[in-house]
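Participant: Can you keep this structure in mind? I'll have questions shortly.
The values are calculated or read from the model by the stated rules, or taken from the named source; none is laboratory data. Keep in mind that this is a model prediction, so the values were computed, not measured. Cβ coordinates were reconstructed from backbone atoms using ideal geometry, including for glycine residues, and neighbour counts include every protein chain displayed.
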Amino acid sequence: MKYLCRLVTVSSFVILALGVWIPFKALVAQELLELAWAESQARQTEVRPWPWADTWPVARLELQDNQARQSLIVLDGAHGESLAFGPGQVFGDNLGAGPRVIAGHRDTHFSRLKHLRTGSELRLQSRDGQWQTYHVTDTRVVDSRHQQINTDTLPRDALILVTCYPFNGLQANGPLRYVVKAAAARSDLVAAVVER
């Protein structure tokens, strides 16, 4: 009986430690991403958030809905390792030329996409510090088995955000995707043309 009590006590401490470790690791990772983004902007080059990282920050995305503003560091690529820490840029030029497609997990970083409506404001900051404002033009659910995002037909000023659907679904890797399309605000486009 004494050994059983010790086993239960040790097991409890191990479970508690693991339960605290994951949120702590996530918090530290976000701070490292913020530092890497700041250094990327200062040096105007790719900076990995930790030495063994297989990705780096390429932009900062701000989502504004009727409830709150959320700021996210966007990483290069959308593979499992990078998506664990933030949304990933799937398609687009890091200098902001042409359409951009950004993907994220529905239950973490992109959980707020469900609150965006036509007209909602999005902002994207490039490495040079410039902000581009976008307004949501469309939200829809698509079946990835039958529909793909054709970047050749997208306007150059398009921003597409993609996540799995439904938001509260229990099935991982289902075929449905929630797609938010946004276009650059016209005043920002005029300013960008004048600067060039």
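Participant: Is it the case, given these coordinates, that Thr55 is polar (S, T, N, Q), within 18 Å of the chain's Cα centre (by Cα) and either surrounded by 11 or more Cβ atoms within 10 Å (Cβ to Cβ) or in a helix (DSSP H, G or I) (or both)?
Facilitator: yes
Participant: Further question: Is it true that some residue in region 8-16 is touching a strand residue (DSSP E or B) at 6+ places or on another chain (Cβ under 8 Å) and on the phi < 0 side of the Ramachandran plot?
Facilitator: no
Participant: Let me ask something else. For Asp107, all conditions in the list (1) assigned to a loop (DSSP other than H, G, I, E, B); (2) modelled with pLDDT of 90 or more hold save one; what is the number of the exception?
Facilitator: Failed condition: (2).
Participant: While we're on this one: Return yes or no: is Leu161 modelled with pLDDT of 95 or more, surrounded by 11 or more Cβ atoms within 10 Å (Cβ to Cβ), under 14 Å from Pro99 (Cα atoms) and touching a strand residue (DSSP E or B) at 6+ places or on another chain (Cβ under 9 Å)?
Facilitator: Here the answer is yes, as Leu161 does meet what is asked.
Participant: While we're looking at this one, here's another question. If you take the residues in region 175-196 that are under 21 Å from Asp138 (Cβ atoms) and not hydrophobic (A, V, I, L, M, F, W, C), which one is modelled with the lowest pLDDT? It would help to see each step written out before you state the result.
Facilitator: Taking region 175-196 first, the residues under 21 Å from Asp138 (Cβ atoms) are 175-189.
Narrowing the set further to residues that are not hydrophobic (A, V, I, L, M, F, W, C) leaves 175, 177-178, 181, 186-188.
On the way: Pro175: 91, Arg177: 94, Tyr178: 95, Lys181: 95, Arg186: 76, Ser187: 65, Asp188: 52.
The extreme case among them is Asp188.
Participant: How about region 117-133: which of its residues are surrounded by 14 or more Cβ atoms within 10 Å (Cβ to Cβ) and out of contact with any Leu (no Cβ under 7 Å at 6 or more places or on another chain)? First the steps, then the outcome.
Facilitator: Going residue by residue through region 117-133, those that are surrounded by 14 or more Cβ atoms within 10 Å (Cβ to Cβ) are 120-127, 130, 132-133.
Matches in region 117-133: Ser120, Glu121, Arg123, Gln125, Arg127, Gln130, Thr133.
Participant: Please find, within region 70-129, the residue that is nearest to Asp157 (Cα to Cα) out of those that are without any contact (Cβ under 8 Å) to a residue 60 or more places away in the chain and of a type in the set (Lys, Arg).
Facilitator: Arg117
Participant: Being without any contact (Cβ under 8 Å) to a residue 12 or more places away in the chain and either aliphatic (A, V, I, L, M) or at positive phi (or both) is the requirement here; does Ala42 meet it?
Facilitator: Judged against the criteria, Ala42 is a match.
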